[in-house]
Structure formats: structure tokens, C-alpha cells
């Protein structure tokens with residue numbers, strides 16, 4: 001174990017215990033990696049492992065970070081350092097619907113900020129926060145490369161194009 | 001099937017090229033196409049063809065992006081015998097029977113067609129009205145990117161066969177150097193020179209990296225190539241690997257492009273199965289393998305040293321150069337990092353020679369460049385044009401001018417690292433040097449067009465906000481300096497600035513340019529300096545007159561209702577904060593204390609009764 005200072009029995013800790021099938025899925029993924037051919041280079045597998053783990057668990061709680069650190073023989077601080085650096089990774093749970101407003105340049109000049117402001121007002125959250133009922137997480141991202149549809153909003157995998165502030169309630173309703 | 005010799009390759013290519021069908025229908029299935037509803041159209045074609053029992057006469061091919069984002073879903077119908085083609089835009093399911101019924105080369109009734117504005121220099125001579133020359137996009141929108149046979153039928157892997165069986169590594173480098181190919185990721189460094197540096201290193205292990213971390217917002221040409229023609233990048237990487245003596249390739253791709261990731265995975269598997277990747281390629285004893293690595297949402301990873309750290313599983317922080325990656329890169333081994341678009345040029349150069357390539361473009365910047373047109377332009381999409389073309393031709397001829405008949409103001413090139421080009425410079429021939437001279441840069445090729453409704457101070461603030469978000473925080477000028485720039489721009493946008501702010505803004509911008517560690521920091525003040533140089537009057541209007549001429553900065557504008565109001569209540573009903581009151585058929589009033597200046601009323605009023613002041 002790379003680090004043993006975690007508090008046992010936290011809600012996070014339970015996730016690996018509570019969901020053994022998810023733990024097994026991650027474990028079997030790590031086993032497919034060609035590890036230890038060159039131990040110094042094992043860290044090269046970290047980011048793809050984190051991608052996999054986030055797709056399995058939805059986010060990267062401490063217990064998962066520890067598990068990955070242990071498997072790849074890295075320090076927890078290195079794993080956490082990578083998670084906090086890249087905007088794609090999150091260590092807090094997210095809502096059932098992830099609303100991402102594209103704030104790339106093309107969307108910006110076509111009024112994405114007004115759309116984002118309206119989502120903030122309507123859901124009463126800031127960017128990066130989850131609504132009180134745990135349903136919606138509001139995010140912004142930079143350019144989906146679908147600039148012809150600007151401004152673009154992505155809700156989970158569904159893309160809405162040519163969005164205006166007025167369409168915000170409809171988009172929220174679509175989720176329910 | 002293993003392709004172990006050039007003879008075998010030719011045999012398979014000839015087989016793949018032969019088709020008994022009389023008509024080919026190309027359906028654009030890139031990300032934009034799919035998001036615009038191409039899938040139902042594709043299904044409608046399949047269903048109608050099956051119903052009419054035309055499976056043998058008509059081939060339906062799912063292709064990548066044709067670059068016609070403004071007209072998605074788009075399809076092209078080609079008559080195989082005569083080569084005549086018709087491109088249809090905004091195709092609806094209901095139009096499918098009519099399109100199938102049309103005579104070869106004839107346009108179906110009740111449809112919208114798109115004029116072809118490009119030619120393919122490799123197989124055609126230039127027609128007078130073809131402003132675009134497609135080398136990089138030669139297969140995009142023409143072949144099924146998920147089928148190796150389609151690529152083989154279009155000269156696929158011929159360049160690799162030629163290189164491995166008839167050329168020495170140094171000859172390949174000399175050829176690329178002679179062609180004058182320059183890095184298409186933004187910097188414009190000569191590709192041949194980069195390869196030469198790495199080739200000169202005596203090291204058993206070297207790496208070729210493909211930078212597919214297309215983070216510049218508003219640029220999507222790399223996505224188009226990877227989604228539409230993934231094998232061309234793989235083939236070029238093997239050629240480059242042979243030239244510098246590398247046996248390992250890495251493609252670093254952003255996770256935001258799921259379709260491109262999927263198609264690359266498939267292409268790598270196909271090439272491995274055919275023996276075009278792996279051990280002993282074409283029986284020459286040359287080995288090369290390629291693996292995919294994913295980004296995780298960090299713009300700075302487009303910088304090559306940061307990218308390399310990210311591949312190594314670390315935080316994507318840049319390091320000081322030298323040492324350059326060609327000397328000490330991935331795992332401290334000699335490494336060449338080239339952009340997707342750069343690779344996409346390589347095979348065409350190998351097949352046709354350096355002189356062919358140099359005949360296109362300008363002397364200092366040979367070849368073509370793909371630009372992504374977006375923003376307030378009428379025809380949003382991808383265009384590939386010879387270097388040296390005038391901006392006016394791109395914006396007014398290919399892009400059909402500004403949407404809604406508004407006035408052109410500026411075009412931003414080079415993304416957050418670039419600058420803006422104004423009306424006065426519309427006739428400048430575009431290449432690496434001319435853009436730099438105008439205070440902008442080529443960048444990866446995003447072109448965001450802005451009209452009279454865009455506030456240039458606010459645009460500069462937008463880019464700084466982007467840089468702030470994406471700064472890795474390693475060096476002080478970028479981490480703290482950009483924060484201060486952003487604060488000053490916010491003061492200007494909110495009407496709290498003085499003339500001193502403006503002079504501080506300029507001097508701090510220059511300091512950051514001179515002192516930041518990597519390309520991201522060194523170029524981050526460019527949008528500020530460029531907008532001040534070209535639109536100082538707008539800055540002055542914000543500071544001295546407390547006015548935003550474009551009517552964008554909310555603190556400096558207010559809305560009021562004039563006497564054109566007929567009392568239709570539309571504005572009151574659409575106001576999200578309920579600050580508009582009034583009786584039906586009576587003039588309404590906005591409560592300025594409650595107004596959040598969202599502009600919804602302004603947009604919803606059909607009587608021009610709302611003034612923006």
C-alpha cells in the first residue's frame with residue numbers, strides 16, 4: 001500500500017466494498033495493461049486508467065485513487081496531482097445529467113455566456129456545482145468542434161445546437 | 001490478409017477500386033453531420049434502395065466530414081461512368097426518393113445543392129473557380145474511414161511501400177526538407193529540419209508522436225482528418241519513424257473526440273492485421289507500432305514538452321527548451337512531435353515529389369492550410385486553401401460573407417495565442433510570415449469571424465479568461481500576470497478603468513510575452529495587444545465615455561422601451577426576471593433596478609421598440 005493514512009470506513013471507502021463488481025471491472029482492466037515490462041514507465045498508464053475508473057465509478061473518490069496508486073506502484077500524491085490538473089477528472093460525485101455549455105470562441109461570439117448565465121440562474125448553481133436534488137451538474141467546456149451549431153450545449157451525450165437563453169427550461173424539461 | 005509486398009498492395013488496391021455499381025452516394029458521417037441528423041437520412045437511403053432492389057447498382061458510402069458544416073446533412077451523388085457529381089445540402093429524409101430517381105449528373109427537384117469550390121491537386125488540374133486545393137483533406141468525405149480497402153483504393157500505403165522498399169532514411173528527410181513543409185500545428189517550424197535533428201541522435205530508442213490534442217477553440221480540422229481519413233496519419237507516422245529511426249509511435253488525442261478515438265482504434269487494428277503496422281513491414285525488416293494516449297482536458301498539453309509529460313502520466317506542465325524533444329523527449333529519448341495536419345501532407349509529398357508540393361502555395365510557405373471558419377460567417381465549415389490566398393477570398397467567396405448582412409469587423413486567427421485581422425488587411429496574402437507581421441499567427445487554423453455586434457475588449461477578456469483557466473501555474477508571469485491582465489480588462493468592460501489602466505495593460509502584456517516559460521504564456525497577451533493596436537478607439541470609448549460601442553458589456557448598457565411599443569406583452573412574458581410591466585396594448589416599462597441585461601426582450605421584440613443604450 002502506497003499510503004495508509006486514509007480514514008477507514010468513510011463513505012468513499014465503502015464504494016469499493018459496496019460495489020465489488022465495479023472494483024473487479026477496474027482490476028481486470030489494470031491486469032490487461034502491459035505493466036512491469038519497464039517499471040519506470042508504468043506511470044505512463046496512469047491517465048488511461050483514470051479515464052477507465054471514472055467511466056466505471058462516475059467520479060474518482062479517494063478509495064479509487066488509493067487503489068490505482070497501489071496497483072501502479074505510485075504515490076497517492078502523484079495520482080491526486082494528475083486528477084487535480086486535468087479538467088476531465090473529478091473527485092466529487094456528479095449529477096445524473098451533466099449539462100455542459102460550450103464556451104469555445106465560436107460559441108462565445110454567438111452568445112454562449114447568456115446561455116450559461118441562464119442555466120446558473122435557473123438551476124441556482126455555479127459552474128462545477130451540482131443542483132440540490134443531485135440531478136444536474138453544470139459545467140462548461142471548450143469547443144466540441146461543432147462550431148456550425150454554435151452555441152452548443154451537451155447534456156450527457158445529447159447535443160443541442162443554436163441554443164438561446166429562452167430554450168433553457170425546455171432543455172431541463174427534456175431531462176426529466 | 002497480410003500485405004507483405006508492394007505487389008500484393010497493388011493487387012489489393014486494384015481489387016478495392018473495381019466496383020460494379022453505377023452510382024456512389026457519399027453520406028457525411030462526421031460529428032457535425034451526425035449531430036445535424038445525418039443518420040436518419042442514411043437509413044432512409046438504405047431503406048429506399050432495398051425497397052427498390054438497387055443494392056447492386058448503388059453503393060452507399062459513409063464518409064467523414066466534407067467540410068460543409070453549413071449544409072449538414074450533406075451528401076454527394078457520383079455517377080461512376082461519367083464521373084459527374086452533385087452535392088446536396090440540408091438533405092431531409094423526404095427528399096431521398098427524388099434524389100435516387102434523378103438522372104446521372106442531374107439535380108433532383110425540391111433539393112438544395114452545394115457548389116464544389118475545390119479541386120484535388122493529386123488527380124485533377126485546377127479549374128478557374130476552384131479556390132480550394134485539397135491535399136490534407138484529399139480523402140475526407142470521399143472514402144469510408146472505417147474500411148482499409150477504401151483507403152487502399154485511393155493510393156493508400158503506396159507512399160509507405162515506396163519509402164520502405166526504394167528509399168534510404170536520409171533520402172526521405174531530404175525530400176521533406178526540399179518540399180518546404182512546415183509544422184501545421186501553429187509554429188511553422190520546418191518539418192524536415194525537425195526530423196533531421198532526431199535522426200542525427202545515436203540512440204536505439206526513439207519516438208514519433210502525433211499531436212492530436214486539438215485544443216484551440218474553434219479549430220476542428222484535425223478532428224476532420226482523424227474522423228475522415230485516419231490511415232493517412234498512421235501511414236505518415238511509419239514513414240517518419242523510418243526516416244528518423246524510431247520504432248514506436250504515440251498518438252496523443254483529446255478525450256473530447258470520441259468518434260475520432262473510435263476510428264483511430266479501428267484503423268490501427270486494421271493496419272496491424274494487414275501487417276502495415278507491427279513487425280517486418282512489407283518484408284523489409286522494419287518494425288513500427290503505434291499506441292493511443294488520451295488527453296484529459298488541458299489546453300497546455302498542445303505544447304510539446306507538456307504533451308510529453310502527459311504521455312508519461314504526469315501533470316501536463318511544460319519544461320524549458322533546450323533540450324528540445326528531438327534530443328531528449330519521451331522517457332528522455334529523442335522524440336519528434338508533429339501535428340495531425342502536418343502528417344496528413346507527408347504521404348502526398350512522397351507520392352508526388354517536392355516540386356509538385358512547392359508549386360502550390362508561396363515560396364516561404366509551400367502547400368495548403370486547412371482553416372476552420374466559424375463565428376458570424378455565413379458558411380461555417382472547413383476549407384483547405386493554397387497558402388498565399390487572400391483573406392477576402394476566404395471570407396467573402398468561400399464563406400459567403402457575414403451572416404445576416406451585418407458589417408465585417410475582424411477575424412481572429414491563432415485562437416487564444418493569436419490576434420485579430422481587420423478590414424484593412426483583407427487583401428493580405430496569408431502565410432506564416434504575413435500573419436505574424438499583422439500581430440497574429442497561423443496557429444492551428446481556426447478563424448473566428450466577428451461582426452459589428454462584437455465588442456473587441458470583451459473578446460480580449462474572453463481569451464484571457466481562457467488562458468487563466470488553462471494556465472498550468474508553473475511560471476509566475478503566466479499564473480499571476482494573466483490574472484492581473486484579466487482584472488484590468490474586466491475593469492475596462494465594467495467602466496471602472498482609467499487611462500492608467502490602459503498603459504499598465506500594455507506594459508504588463510509585453511512583460512509576460514518576454515518572460516513566460518512556454519508558448520502558452522508567451523502568446524497569451526497577443527489578443528490584448530492586437531485588439532489595442534487595431535481597436536484602440538473601443539478601449540477609449542469604454543474608459544473615457546463609459547460606452548460599449550458594440551452594446552455588449554452589460555455594465556455599460558441599459559435597455560428601455562420606446563414609443564414603437566404596441567403593448568403585445570411579448571417582452572414581459574419572455575423576461576426571465578419579470579422586470580417588464582405594462583397593460584396589454586399599452587406601452588411597457590423596464591424596471592432598470594431589476595433588469596439583468598440579458599437581452600432576451602431585445603431579441604424577442606418584433607416592433608423594434610426596445611432600445612439598447
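Worth a mention:
Yes/no matrix, rows are residues, columns are (1) in contact with a strand residue (DSSP E or B) (Cβ under 8 Å, 6 or more places away or on another chain); (2) modelled with pLDDT under 95; (3) over 15 Å from residue B:369 (Cα atoms); (4) away from chain A (no Cβ under 14 Å):
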{"site": "B:190", "(1), (2), (3), (4)": "yes, no, no, yes"}
{"site": "B:196", "(1), (2), (3), (4)": "no, no, yes, yes"}
{"site": "B:205", "(1), (2), (3), (4)": "yes, no, yes, no"}
{"site": "B:211", "(1), (2), (3), (4)": "yes, no, yes, yes"}
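- Selection of the range B:278-331 for residues being at positive phi and more than 10 Å from chain A (Cβ to nearest Cβ) yields B:278, B:280, B:282, B:283, B:285.
- Residue in the range B:551-562 that is within 13 Å of chain A (Cβ to nearest Cβ), in a helix (DSSP H, G or I) and buried (at least 19 other Cβ atoms within 10 Å of the Cβ) present: yes
- Applying a threshold of 6 Å to beta carbon distances and a minimum spacing of six or more residues, or different chains, the list of pairs starting in the range B:187-207 at a residue that is closer than 19 Å to residue B:303 by Cβ and ending at one that is part of a helix (DSSP H, G or I) reads B:188/B:432; B:191/B:176; B:191/B:342; B:198/B:244; B:207/B:330.
- So residue B:259, is it touching a residue at least 40 places away in the same chain (Cβ under 8 Å), under 18 Å from the mean Cα position of the chain (by Cα) and either within 14 Å of another protein chain (Cβ to nearest Cβ) or surrounded by fewer than 24 Cβ atoms within 10 Å (Cβ to Cβ) (or both): yes
- For residue B:134, the conditions (1) in contact (Cβ under 8 Å) with a residue 60 or more places away in the chain; (2) surrounded by fewer than 21 Cβ atoms within 10 Å (Cβ to Cβ); (3) out of contact with any helix residue (DSSP H, G or I) (no Cβ under 9 Å at 6 or more places or on another chain) are fulfilled apart from (2).
- Residue check, residue B:169 assigned by TED's automatic domain parsing to the domain that holds residue B:245, modelled with pLDDT of 95 or more and either in contact with a strand residue (DSSP E or B) (Cβ under 9 Å, 6 or more places away or on another chain) or closer than 25 Å to residue B:219 by Cβ (or both): no
- Screening residue B:443 against (1) in contact with a helix residue (DSSP H, G or I) (Cβ under 6 Å, 6 or more places away or on another chain); (2) at pLDDT 90 or above leaves a single unmet condition, (2).
- Of the strands (runs of 3 or more DSSP E) lying entirely inside the range B:408-484, those containing at least 2 residues that are closer than 16 Å to residue B:509 by Cβ span B:419-422.
- For the range B:405-430, the set of residues classified as within 20 Å of residue B:131 (Cβ to Cβ) and crowded, with 23+ Cβ neighbours inside 10 Å consists of B:411, B:413, B:421, B:430, listed by residue number.
- The condition (being under 30 Å from residue B:430 (Cβ atoms) and within 14 Å of chain A (Cβ to nearest Cβ)) is satisfied by just one residue among B:68, B:131, B:137: B:68.
- Cβ-Cβ under 6 Å pairs, at least 6 apart or on other chains, the range B:409-426 side under 11 Å from residue B:442 (Cβ atoms), far side at pLDDT below 95 and assigned to a strand (DSSP E or B): B:413/B:447; B:415/B:446
- Whenever a residue of the range A:33-62 is facing chain B (nearest Cβ under 7 Å), its partners that are surrounded by fewer than 17 Cβ atoms within 10 Å (Cβ to Cβ) and assigned to a helix (DSSP H, G or I), lying with C-beta atoms within less than 7 angstrom and at least six residues away or across chains, give the pairs A:41/B:331.
- Scanning the range B:370-399 for residues that are surrounded by fewer than 23 Cβ atoms within 10 Å (Cβ to Cβ) and within 13 Å of chain A (Cβ to nearest Cβ) yields B:378, B:379.
- When residue B:582 is tested against (1) within 14 Å of chain A (Cβ to nearest Cβ); (2) on the phi > 0 side of the Ramachandran plot; (3) without any contact (Cβ under 8 Å) to a residue 60 or more places away in the chain, exactly one condition is not met: (1).
- Single match in B:85, B:36 (criterion: within 30 Å of the chain's Cα centre (by Cα), away from every other protein chain (no Cβ under 14 Å) and within 30 Å of residue B:220 (Cα to Cα)): B:85
- Count of residues meeting criterion [surrounded by 22 or more Cβ atoms within 10 Å (Cβ to Cβ) and in a helix (DSSP H, G or I)] in the range B:489-508: 3
- Condition check for residue B:272: within 12 Å of chain A (Cβ to nearest Cβ) and not in a loop (DSSP other than H, G, I, E, B): no
- So residue B:535, is it in a helix (DSSP H, G or I), modelled with pLDDT of 90 or more and within 34 Å of the chain's Cα centre (by Cα): yes
The values are calculated or read from the model by the stated rules, or taken from the named source; none is laboratory data. Note that this is a predicted model, so its numbers are computed, not measured. Using ideal geometry, Cβ is built from the backbone for each residue, glycine included, and neighbour counts are taken over all protein chains shown.
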